[in-house]
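Below is one structure; the comments refer to it alone.
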Amino acid sequence: MKILSWNVRGLGQSQTIGCLRNVLRDVNPTIIFLIETKLQCSRMEKVQKSCGYQFGIDFSSNGRSGGLSLAWKSNCKVTLCSFSAHHINVLFDEDMDGFSCRLTSFYGAPEVENMAASWNSLRQLNDLPDTPWLVLGDFNELLFVLEKYGSRLRNAQQMENFRSTLVDCSLEDVGYRGSWFTWEWGRFQSKNIRERLDRGVANAS
């Protein structure tokens, strides 16, 4: 089973949708979670179906910001538990492998003043029934200083708040393949900034 999480930063252009289709063709994930779609639900549903995903849960963007989409193929059962502008929380069962877990697709608040609310919502989601739990997405925060290159250092207390939240929820990083950094800004070396904002974390419950 493969799950793809991607902050697409807008799906309003045909070129971006074409890029999405190419990635889905190469990776062939069972479930896809798209962040910052910047689309209304009706438009996002059409994009999903054009990519071969007949089932989905969408949260509309607020103007030209936000928007979440979780879509899956027919060989799995997905039951919605809760959703908001920053998460989609489901129970997931795959028919072929008999694998089941709770899956939370998460988009952490990018504004510093709203981060505490993000971590509190994650703690509240941890209060649901004891099943294996996978949380993935764009957390908009780092765990450690080494997860950033360029510009000024990340605020130490912000990172500690994120680490404490994961400890409280018994969530551990599941690792990665490929590039260590998941976000990049600036073409020139002198202004280049790279950060590891996206990840998957899980517990075994």
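The values are calculated or read from the model by the stated rules, or taken from the named source; none is laboratory data. Quick caveat, the model's predicted, so the values are computed rather than measured. Glycine gets a Cβ as well: all are built from the backbone with ideal geometry, and neighbour counts include every protein chain shown.
Suppose we filter T104, T131 for residues that are surrounded by 12 or more Cβ atoms within 10 Å (Cβ to Cβ), β-branched (V, I, T), on the phi < 0 side of the Ramachandran plot and part of a loop (DSSP other than H, G, I, E, B); which single one remains?
T131
Using the structure shown, decide if R177 is surrounded by 11 or more Cβ atoms within 10 Å (Cβ to Cβ), charged (D, E, K, R), over 23 Å from S69 (Cα atoms) and at pLDDT below 95.
When the stated conditions are applied, R177 does not pass them.
Do any strands (runs of 3 or more DSSP E) entirely within region 134-205 hold 2 or more residues that are free of Cβ contacts under 8 Å to residues at least 60 places away in the same chain, and if so, which?
183-185, 193-195
What residue, of K46, K77, K38, is free of Cβ contacts under 8 Å to residues at least 40 places away in the same chain, within 29 Å of N126 (Cβ to Cβ) and of a type in the set (K, R)?
Result: K77 is the single residue among K46, K77, K38 that is free of Cβ contacts under 8 Å to residues at least 40 places away in the same chain, within 29 Å of N126 (Cβ to Cβ) and of a type in the set (K, R).
State whether the residues of region 7-25 include one that is touching a residue at least 60 places away in the same chain (Cβ under 8 Å) and either assigned to a helix (DSSP H, G or I) or on the phi < 0 side of the Ramachandran plot (or both).
Within region 7-25, one or more residues are touching a residue at least 60 places away in the same chain (Cβ under 8 Å) and either assigned to a helix (DSSP H, G or I) or on the phi < 0 side of the Ramachandran plot (or both).
For region 20-72, how many residues meet the condition of being exposed (fewer than 15 other Cβ atoms within 10 Å of the Cβ) and out of contact with any helix residue (DSSP H, G or I) (no Cβ under 8 Å at 6 or more places or on another chain)?
The qualifying residues number 13.
Being within 24 Å of I88 (Cβ to Cβ) and among the hydrophobic types (A, V, I, L, M, F, W, C): is that true of A156 here?
no
Name every residue in region 73-89 that is among the aliphatic types (A, V, I, L, M) and modelled with pLDDT of 95 or more, in order of residue number.
L80, I88
Which one of the conditions (1) within 18 Å of the chain's Cα centre (by Cα); (2) over 21 Å from I32 (Cβ atoms); (3) in contact (Cβ under 8 Å) with a residue 24 or more places away in the chain does A85 fail to meet, given that it meets all the rest?
With (1) within 18 Å of the chain's Cα centre (by Cα); (2) over 21 Å from I32 (Cβ atoms); (3) in contact (Cβ under 8 Å) with a residue 24 or more places away in the chain applied to A85, the lone miss is (2).
Tell me, which residue of region 151-170 that is among the hydrophobic types (A, V, I, L, M, F, W, C) and within 22 Å of the chain's Cα centre (by Cα) is surrounded by the most Cβ atoms within 10 Å (Cβ to Cβ)?
F162
Would you point out the residue of region 181-205, among those that are of a type in the set (A, V, I, L, M, F, W, C) and surrounded by 11 or more Cβ atoms within 10 Å (Cβ to Cβ), that is farthest from S5 (Cα to Cα)?
It comes out as I193.
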